[in-house]
Amino acid sequence: MFPQASVLLHGELNDFLPEKRRGRPLTIRLPEGERPAVKHILASLGVPPVEVGRVLLNGERVPLTFGVPPASQIEAHPYGRGLSPRPSGGESPAFVLDNHLGRLASYLRILGFDTLYRNDYQDEELARLAAGGRILLTRDRQLLMRNAIRYGRWMRSKSPREQLREVVEHYALQGEIVPMRRCPRCNGLLEPVAKSAVLEELEPLTRLYYEEFKRCTVCGQIYWRGSHYERMKRWLDEVLSP
Ligand SMILES: [Zn+2]
C-alpha cells in the first residue's frame, strides 16, 4: 500500500478539475517518506494556490505550506465572493493582465482601475509586475502557479463581458468605480482640460454641444461625456447589474 491522502475541493476550485472528477474526494499518492506541502498537492491537481482561501486537514485548519502526513483528509475551500484578497494598502487594487485579455483591460480602465496590459508581455515580466503589488488576471493557470504570484485569479470565461463581471464581483469593486479617470487606450490618468485648449481638435458638433473635456496625460487622447460615453455607461450598468 502506497502512502496516500484524500483531497476534496469545494465550490469553484472544482473548475480546475476535469468534469468527472469534480465534487468528490480524490485519492492522491504521496511520495515515500516525504510530507509534501498542501500547496504542492493542490498544484499537482491543477489548482493555483493563490485561489485557495482555506485548507482543513483532518478537520483542522492548516496553512498552505503545511506538510501532509499519509492518510490525511484534505479539504480546500475557495475565497468567498467579494473576498478575493488584494495587495494591502488603502487604494483601489491595481491589475496586470495577460496577453489574452485586451478587451478586459480596456473595460477595467474605463471603470477607473489601474490596469497594465500589453500584447507582448512575457511571462517573466507579468510575474514581476504581479509580485510588485498587482493582481494578476490570466487565462493561463501555469502562470498563476508561479511562486512569485501572491494575488491573482484565473479567468473562467473567454467572454470579456463575463470576465469583467467576474472581476468586479470577486474583488468587490462595485463601490470603487470612477469613470473618466483613466484612458482606456493606454491606462494614463485623465485630467480636465479647458475647451479653449482643445478647440482645434474637436469635430464641429462636439464643439457645439459639449463644454467639459479631459485629456490623457500620457497619449493626449481627448474625452468628453458624449453619446459614446452614454452608450458605454448603459452597457456597463447592464453588465454589472446583479
Ligand atoms: Zn492615453
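The values are calculated or read from the model by the stated rules, or taken from the named source; none is laboratory data. It should be emphasised that the depicted structure is a prediction, and the values quoted were computed from it without experimental measurement. Please note: Cβ atoms are built from the backbone with ideal geometry, for glycine as well, and neighbour counts cover all protein chains shown.
Starting from region 104-115, keep only residues that are within 13 Å of residue 174 (Cα to Cα), then list their pairs with residues that are β-branched (Val, Ile, Thr) whose Cβ atoms are within a distance under 8 Å, requiring at least 6 positions of separation or different chains.
Pairs that qualify, where the first residue is within 13 Å of residue 174 (Cα to Cα) and the partner is β-branched (Val, Ile, Thr), are 108/115; 108/167; 111/168; 111/177; 111/178; 112/177; 112/178.
Which of the following residues is of a type outside the set (Phe, Trp, Tyr), surrounded by 15 or more Cβ atoms within 10 Å (Cβ to Cβ) and not in a helix (DSSP H, G or I): 76, 130, 105? Even if it seems obvious, please write down each step before you answer.
Working: 130 fails: not in a helix (DSSP H, G or I); 105 fails: not in a helix (DSSP H, G or I).
That would be 76, the only listed residue that is of a type outside the set (Phe, Trp, Tyr), surrounded by 15 or more Cβ atoms within 10 Å (Cβ to Cβ) and not in a helix (DSSP H, G or I).
Given the conditions (1) in a loop (DSSP other than H, G, I, E, B); (2) surrounded by fewer than 17 Cβ atoms within 10 Å (Cβ to Cβ), which single one is not true for residue 27?
All conditions are met except number (1).
Any idea which of (1) exposed (fewer than 15 other Cβ atoms within 10 Å of the Cβ); (2) touching a residue at least 60 places away in the same chain (Cβ under 8 Å) is the one residue 58 doesn't satisfy?
Only one criterion is unmet by residue 58, namely (2).
Looking at this structure, is residue 128 basic (Lys, Arg), without any contact (Cβ under 8 Å) to a residue 40 or more places away in the chain and within 16 Å of the ligand (Cβ to nearest atom)?
Values: basic (Lys, Arg): yes; without any contact (Cβ under 8 Å) to a residue 40 or more places away in the chain: yes; within 16 Å of the ligand (Cβ to nearest atom): no.
Spelling it out, it is not the case that residue 128 is basic (Lys, Arg), without any contact (Cβ under 8 Å) to a residue 40 or more places away in the chain and within 16 Å of the ligand (Cβ to nearest atom).
In region 132-155, which residues are modelled with pLDDT of 95 or more and of a type in the set (Val, Ile, Thr)?
Within region 132-155, 135, 138 qualify.
Can you name the residue in region 1-24 that is part of a loop (DSSP other than H, G, I, E, B) and either of a type in the set (A, V, I, L, M) or in contact with a strand residue (DSSP E or B) (Cβ under 6 Å, 6 or more places away or on another chain) (or both) and, of all such residues, is farthest from residue 138 (Cα to Cα)?
Initial filter on region 1-24 (part of a loop (DSSP other than H, G, I, E, B)): 1-3, 10, 17-18, 22-24.
Now restrict to residues that are either of a type in the set (A, V, I, L, M) or in contact with a strand residue (DSSP E or B) (Cβ under 6 Å, 6 or more places away or on another chain) (or both): 1-2, 10, 17.
Values: 1: 39, 2: 36, 10: 21, 17: 17 Å.
That would be 1.
Residues that are under 28 Å from the mean Cα position of the chain (by Cα) and either more than 16 Å from the ligand (Cβ to nearest atom) or surrounded by fewer than 18 Cβ atoms within 10 Å (Cβ to Cβ) (or both): list the helices (runs of 4 or more DSSP H) wholly contained in region 143-229 that include at least 3 such residues. Quick ask: steps written out before the conclusion?
Numbers: elements: 160-170, 195-198, 204-209.
Those helices (runs of 4 or more DSSP H) span 160-170.
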